[in-house]
Amino acid sequence: MRLTGSEIFMKSLQAEGVHTVFGHPGGAILHGYDVMLDFPLRHILCRHEQVAIHAVEGYYKASGKTGTAIVTSGPGATNTVTGLTDALMDSMAIVVFTGQVPTAVMGCDAFQEADVVGTTRTCTKHNFLALKTEDLPRIVKEAYYIARSGRPGPVLVDLPKDIIMGRAEFKGYPEEVSIRGYNPSVNGHPGQIRKAAELIASAQRPVIYGGGGIIHADASAEFTELVNITQIPTTLTLMGLGGLDTSHPLWLGMLGMHGTYAANMCMVNTDLMIAIGPRFDDRVTGKLSEFGKNAKIIHVDIDPTSIRKNVHVDVPIVGDVKRVLIQLNAELRKIKRDWRSDLEEWYGQIAEWQRAHPLRYHQTAEGAIKPQYAIEELFRVTEEHDPIVSTGVGQHQMWAAQYYRSHNPRRWITSGGLGTMGFGFPAALGAQAAFPDKLVIDIDGDGSFQMTMQDLITCAQYDLPVKIFIMNNRYLGMVRQWQELFYGRRYSQVDLEVQPDFVKLAEACGCVGLRAERSGDVKPIIEKAISTPGPVVVDVVCEREENCFPMIPAGSAIKDIIDHGEPIPEKLFQGWR
Amino acid sequence: MTDPKHYRKHTLSLLVENHQGVLAKIASLIAAKGYNIDSLSVAETLDESISRMTMSVRGDEWVMEQVVKQFHRIIDVIKVVDLTDEPHVNREMIFIRVNAEPANRAEILRITEIFRGRIVDVTPMTYTLEITGESGKIEAVLELLQPFGVQEIVRSGTLAIARGSKTITKRDETKLRLASRKQAVAE
Ligand SMILES: Cc1ncc(C[n+]2csc(CCOP(=O)(O)OP(=O)(O)O)c2C)c(N)n1
Ligand SMILES: [Mg+2]
C-alpha cells in the first residue's frame, strides 16, 4: 500500500498506542496536521510550544506512558529546547516531532528553517532526521523505544516537508527493534549484589537514599520492601518523592539543600549510603570533598554514566532499579540479623535530631498567610484524594516538597535538574489530560506562573480542571532569599509587586478565580476551589519575606546546614560586604 | 589535579553507525565535556554500514572511565574498546615538507632511509617525506629534521588494531559487548 509520509506517521503513532498529542501547527508540518483530521487522535492545542513539551512531561510523569508532541519547523522547534533540556535532566520519556523545511532547501536559510537536529543534539537522548519516507515506521518505533527504555529521556524526530508529503510502500509498523549500539542493561551483576548485601548486613549507621530512578522504574513497592526488610532509615531526593510513603515510620523527610535536618545529618554521619537511583546532584551532595567522607557507598543506577560521575562509589550496580531491588531483597532476606536491635543506637541519634530540629513555621491566627501553612492546609484538605501535584520553581517548590507529603509514586511532578520556572502549570495540564477524573493540583509561584500562564485558555478549551494555587509573595522569592542571606539584603530585580490580577486573569481565560488573603481564608477557599468544577486559579496572598529553611548554602558542606534562620556565617557573604 | 600533560595517552577504538550526523554527535560530546583529544581518524570498515574511529585521548583513570561510558551512551556508537592495555599495534603516518638545500640533501635522504620513509615530492628547495610508524618514531624523525627547517607537516592521527585473531567488528560483537559491560560492572 503506497501512502504519504504523513499517513505512515499517523498509522505509526496509532500502532504505538498514542491517543493524545500536544502541539502547535505551522507551515512545514501542515500536511501532517491535515492527515491528522482523518485519525482518531486527541490533539491538545497549546498556545506555546514550551507549554506543549512541559505538558508532555507531566503526562509522562503522571501516567508512565511516553508523551508525544508535534510542532512546526524553525520557531516551533526552537521553542521546544527548554522543555527538551528539562526532560533530559529529569529523565522524562517523551517523543517530539518537528516539521522541517524540504530536504532540497535544508542548509539554505529557508523560511522558518533551523538546524534542529544540531540544536537539540545535546538536549535529547537521541534525535533523528528522517531522510526517506519509507524509513518513517522504523524511526518512529525506535524513537519510542529509546525514549522509554534504559534511562528514559527525550527523543526528537525531524520531519522534512517532502518526506511527509512523499509516498512510500507501508509494510506495517515494525514489531521489534534492534539497535546494535543500544542495549540498556537490566539485571544487576549477582556478585555486586552479594557484595552490597554483605555491606548492608554489617553497617552500623546505614541510610537509604532513593532518587528519581525509583519512580521511573515503577519500583516503589520493591523499594519499600527494601526498607521493611532492613529497617534502615530512609530519605529521598526531590525527584524520588513518592518512592516511599511519607507516613512510613522510617521516613526521614527529603534530603538536600532544603531537606530536613535529620535526613541531611544522616548523610553526614552514616557509615553506609545505599543509593537507589539518584544521580548525586550538587543540591544533594553539597561540597563534594566533604560528601560521604566516612561512608561506604552502594549505588544502583540504570545509567552507567551516572555512577562515579561525582562521588566515589564502593559497590556500583548497573541495572534496572526494579530488577536490582528484587535481586537485592532476595539476597537480604537470607541474612539472619536482628536489624532493629542492631540499629537501636542509630535510631536514638536520629530521633534526637528530629526532636531538636523539626520542620517548622509560625502561623499567627488571622495574620498574613504563611506559604508553608497554606501548603500544609492544602495537604490536609486534599490528602484523601491522593492528588497529582506539580510545582513551579522557587521557595514554594521547596515548601511543597516539605509540606505536601504525597503518599504514592507518580503523584509528584517538579522540575528538579533544570529548575525550570513555568514548568508547574503546563505539567499539571498534561497530567490532567492523562487522568481527566483525578484531582490535579499545581502549587505555583507568582513568578513561575507568569512564565506560562497564557495557556489557562487551553485548560478551559479542553475542560482540563486543574486547580492552581499561586503562593503569591509578589517576589521572585528564592532569588530574594539569596539576596537577603548572601548579598546583604540588596534586592535586585526581584520585586513583583506589579502583577496581573490573577482572579480577573482566570476569569478572562474561562477559568474560575479565587483569592485568600488572611490565614482564616485558607481552608474555606481551598475547599471551595476543590469543589468547583473546571479549572480554578487561587491567588494565595502570602507573607512576602518568608524564608525557606533548612538550607545548605550552595557549595557548603552538608554539616554546615542552617536549620532555621540562625545568623549566616560571615564567610558566606558575597558581593560588596 | 595532576597536570593534563602527564596524563597517559589512551588509544580508543570505536565502531559507530556509518550515517549522517554521527561524527557531529561524537564531536559535540567531546566539546561539551572538554575532553583532551590528540587525534581522531575515521573510515569505513569491512561492513560499510559501520565506521571505525580511532582516537587518542589523554586522561587519568577517572576521566577515561567517563569518556568510555559517555561514548557508550551515544546510541549510534556500537562499541568502544580501550586498546591501551591490550596487546595492539598502532601506527601513524606523516608527511613532512623540509628545506632541502643541496648541502643537506644527503643527510635528509639518510634519515629518511633509516626511518624507512620515502620521498614523495621534490622541488628545487624542498623534499616532502612520507614516514609511517608509532608516534614515538614520528616524534624522533621530526626532531632530527627540525634543524634543516621543517615547513609543514600533515599527520594522520593514530590507527590501531588489536593483536591476535580477535576482531572487534561485527562477528563477535555481542561477546565483546558483554565483556565490556562486565568490566564496567566490575569496576
Ligand atoms: C526559567 C528560569 N529563569 C530563572 C530562574 C531563576 N530562579 C529560580 S527561583 C526564581 C524565583 C521564582 O519566583 P516564584 O515563582 O515567584 O517563586 P517563589 O520563590 O517566590 O516561591 C528564579 C528567578 C529559573 N529557575 N528558571
Ligand atoms: Mg514568588
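Values as computed for the structure displayed
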item: Pairs with Cβ under 7 Å, 6+ apart, first in segment A:62-80 and surrounded by 21 or more Cβ atoms within 10 Å (Cβ to Cβ), second among the hydroxyl-bearing types (S, T, Y) and in a loop (DSSP other than H, G, I, E, B); result: A:V71/A:T80
item: Filter pass, B:S13 being within 14 Å of chain A (Cβ to nearest Cβ), of a type in the set (S, T, N, Q) and either within 23 Å of A:S178 (Cβ to Cβ) or without any contact (Cβ under 8 Å) to a residue 12 or more places away in the chain (or both); result: no
item: Those residues of segment A:124-142 which are acidic (D, E) and more than 12 Å from A:A168 (Cβ to Cβ), in sequence order; result: A:E142
item: Qualifying residue in segment B:34-44 (condition: on the phi > 0 side of the Ramachandran plot, open to solvent by 30 Å² or more (accessible area, probe 1.4 Å) and away from every other protein chain (no Cβ under 12 Å)); result: yes
item: Residues located in segment A:150-185, provided they are within 11 Å of another protein chain (Cβ to nearest Cβ) and either touching a residue at least 40 places away in the same chain (Cβ under 8 Å) or among the hydroxyl-bearing types (S, T, Y) (or both); result: A:G150, A:R151, A:G153, A:V155, A:D158, A:Y182, A:P184, A:S185
item: Qualifying position, being open to solvent by 60 Å² or more (accessible area, probe 1.4 Å), within 14 Å of chain A (Cβ to nearest Cβ) and not in a strand (DSSP E or B), among B:A24, B:A31; result: B:A31
item: Scope segment A:471-513; condition more than 16 Å from ligand 1 (Cβ to nearest atom), open to solvent by 50 Å² or more (accessible area, probe 1.4 Å) and assigned to a helix (DSSP H, G or I); matching residues; result: A:K504, A:E507, A:A508
item: The listed residue being among the hydrophobic types (A, V, I, L, M, F, W, C), at pLDDT 95 or above, within 30 Å of A:D218 (Cβ to Cβ) and not in a helix (DSSP H, G or I), out of A:A114, A:A69; result: A:A69
item: So A:P436, is it open to solvent by 10 Å² or more (accessible area, probe 1.4 Å), more than 16 Å from ligand 2 (Cβ to nearest atom) and either hydrophobic (A, V, I, L, M, F, W, C) or closer than 27 Å to A:P233 by Cβ (or both); result: no
item: Pairs, first within 14 Å of A:I302 (Cα to Cα) and touching a residue at least 40 places away in the same chain (Cβ under 8 Å) in segment A:320-345, second assigned to a loop (DSSP other than H, G, I, E, B) and open to solvent by 50 Å² or more (accessible area, probe 1.4 Å), C-beta under 6 Å, six or more apart; result: A:D320/A:V186; A:R323/A:V186; A:R323/A:N187
item: Matching helices (runs of 4 or more DSSP H) fully within segment A:180-239 where at least 2 residues are modelled with pLDDT of 95 or more and surrounded by fewer than 19 Cβ atoms within 10 Å (Cβ to Cβ); result: A:190-202, A:220-230
item: From the options A:A400, A:A427, residue that is away from ligand 2 (no atom under 16 Å from the Cβ) and buried (at least 24 other Cβ atoms within 10 Å of the Cβ); result: A:A427
item: Residue among A:E134, A:E142 that is assigned to a helix (DSSP H, G or I) and buried (at least 21 other Cβ atoms within 10 Å of the Cβ); result: A:E142
item: Any pair with Cβ under 9 angstrom, 6 or more apart, that starts in segment A:444-457 at a residue that is more than 13 Å from A:V537 (Cα to Cα) and ends at one that is assigned to a helix (DSSP H, G or I) and within 13 Å of ligand 2 (Cβ to nearest atom); result: A:G447/A:G477; A:G447/A:M478; A:G447/A:V479; A:S448/A:H396; A:S448/A:Q397; A:S448/A:G424; A:T452/A:G424
item: Residues of segment A:160-179 that turn out to be assigned to a loop (DSSP other than H, G, I, E, B) and in contact with a Leu (Cβ under 9 Å, 6 or more places away or on another chain), as a count; result: 1
item: Subset of segment A:299-330 (residues that are within 13 Å of another protein chain (Cβ to nearest Cβ), aliphatic (A, V, I, L, M) and outside any loop (DSSP other than H, G, I, E, B)); result: A:V300, A:V315, A:I317, A:V318, A:V324
item: Subset of segment A:144-203 (residues that are over 21 Å from A:G319 (Cβ atoms) and of a type in the set (K, R)); result: A:K161, A:R167, A:K171
item: Residues located in segment A:527-577, provided they are in contact with a Lys or Arg (Cβ under 9 Å, 6 or more places away or on another chain), more than 16 Å from ligand 2 (Cβ to nearest atom), modelled with pLDDT of 95 or more and not small (G, A, S); result: A:I530, A:T532, A:P535, A:V536, A:F549
item: So A:R405, is it more than 14 Å from every other protein chain (Cβ to nearest Cβ), more than 25 Å from A:R474 (Cα to Cα), more than 16 Å from ligand 2 (Cβ to nearest atom) and under 12 Å from the mean Cα position of the chain (by Cα); result: no
item: Strands (runs of 3 or more DSSP E) enclosed by segment B:54-155 - at least 3 residues per element that are open to solvent by less than 60 Å² (accessible area, probe 1.4 Å) and away from chain A (no Cβ under 14 Å); result: B:88-99, B:126-133
item: In segment A:536-551, the residues that are over 16 Å from A:N472 (Cα atoms) and either open to solvent by 10 Å² or more (accessible area, probe 1.4 Å) or acidic (D, E) (or both); result: A:F549
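The values are calculated or read from the model by the stated rules, or taken from the named source; none is laboratory data. Note that the structure is predicted; figures quoted are calculated from it, not measured. Positions of Cβ are backbone-derived with ideal geometry, glycine not excepted, and every protein chain shown enters the neighbour counts. Surface accessibility is based on the protein's heavy atoms, side chains included, excluding ligands, DNA and RNA. Shrake-Rupley method; radii C 1.70, N 1.55, O 1.52, S 1.80 Å.
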